[in-house]
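Report on the following structure.
Each reported figure results from applying straightforward, stated rules to the coordinates on display, with no laboratory input. Computed from a predicted model, the values in this text were never measured in an experiment. So basically every Cβ, Gly included, is an ideal-geometry build from the backbone, and we count neighbours across all protein chains shown.
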Amino acid sequence: MSQAGGQKPAANRMTLQTFKARLGGASKGFKLLKKKRDALKAKFQVIFRPAFKILSPTCSRRLHLPALLKEIVDTKLKVGEGLKDGAFSLAKAHYASSGDDIASTVIERAKRPSITTKLYPDNVAGVSIPLFKMSYDASKDSSAQTLGVACGGAVINAARETYRKAVVSLVKLASLQTAFHTLDEEIKMTSRRVNALEYVLIPRIEDIIHYITQEMDEQAREEFFRVKKVGRGCASSSSPSLKTEVVEKKKVKLQKEKDEMAAAGKRTEAAIDAPSMLATKKDEDLIF
């Protein structure tokens with residue numbers, strides 16, 4: 001905006017219009033970024049939640065937590081419970097199978113995945129947030145349906161169902177944590193931009209506009225004073241009293257010249273009319 005080395009820009013109307021356009025663009029960008037920041041922060045709205053579920057079972061205080069963080073904490077607790085139930089169900093399946101290890105049998109029968117995860121974009125105030133969605137196809141589990149027909153089949157199916165629920169919670173947790181991290185980074189970046197516009201860029205442009213306006217006002221005052229001074233001089237030279245005074249001076253000067261010429265003429269005439277010393281007396285002729 002200002003020139004290199006801290007120099008001020010030229011004070012003219014073109015520069016003023018340029019900086020006014022920059023100020024308008026900066027103000028519009030500031031408003032849009034502020035709205036974007038507010039929309040992103042709506043995901044982190046503060047709510048009350050009992051903190052004893054997060055900190056310790058003996059704590060009875062309440063803690064302010066963002067809504068998204070609350071959902072992440074709930075999902076983490078749910079995943080922990082699901083994995084614990086799945087481990088217990090797997091132990092029961094091993095016991096029901098007469099203590100045999102069923103892991104190798106399950107791996108041999110697993111041909112196609114029955115659970116798949118796809119990535120979808122979610123738009124929040126112009127920010128693309130990755131969202132994981134899980135799909136389950138029960139027809140692809142037909143090879144595992146006959147597992148444990150002799151003994152423990154029902155327990156094995158229950159263990160598989162428990163782990164499936166745990167996987168659903170894991171996919172949901174992955175989506176929430178990814179969204180939380182993405183929104184957190186975007187809010188930080190948007191806040192930095194908003195602060196830079198509000199406290200650095202816009203005040204600097206306003207100072208330059210104020211400087212240019214002051215300089216143009218000063219130039220206008222100088223021009224007005226100069227025109228007024230010239231006008232006064234022209235008005236003074238065209239006044240009747242001044243004309244009369246000039247005429248009188250010319251008359252006095254002419255009269256003085258005439259008097260000087262008259263005095264010079266009298267002196268010439270007196271010099272011409274003076275009697276000749278040779279004409280007053282005629283000398284006698286001398287005869288030798």
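Derived scalar couplings between HN and Hα for region 185-193 equal 5, 5, 5, 4, 5, 5, 5, 5, 5 Hz in order, rounded to whole Hz, by the Karplus curve 6.51 cos²θ - 1.76 cosθ + 1.60 (θ = phi - 60°), x for Gly and Pro. S128 sits among other residues whose Cβ lies under 12 Å from its own Cβ, and their net charge, with Lys and Arg +1 and Asp and Glu -1, is -2. Within straight-line reach of K253, meaning a Cα separation under 20 Å, sit the following lysines at least 8 residues removed in sequence or on another chain: K243. Please list, or write none, the lysines whose alpha carbon is within less than 22 Å of the alpha carbon of K258, excluding same-chain residues fewer than 8 places away. Excluding near neighbours in sequence, the set is K249, K250, K266.
Modelled this way, with points 7 Å down the Cα-to-C-beta line, the labels at K84 and E248 are 12.1 nm from one another. Just list whichever of K20/K228; K118/K172; K84/K118; K43/K70; K43/K188 have alpha carbons separated by over 21 Å in the model shown. Among K20/K228; K118/K172; K84/K118; K43/K70; K43/K188, the Cα-Cα distance tops 21 Å for K20/K228; K84/K118.
Stretching the chain fully between A91 and K133 yields a gain of 12.2 nm (0.36 nm per residue, less the alpha carbon separation). Could you compute the net charge surrounding E257? Neighbours are other residues with a C-beta less than 12 Å from the C-beta of E257; K and R count +1, D and E count -1. My count for the surroundings of E257 gives +3. For the peptides 166-172, 35-41, residues were scored by their other Cβ atoms within 10 Å and the scores averaged per peptide; the highest-first order is 166-172, 35-41.
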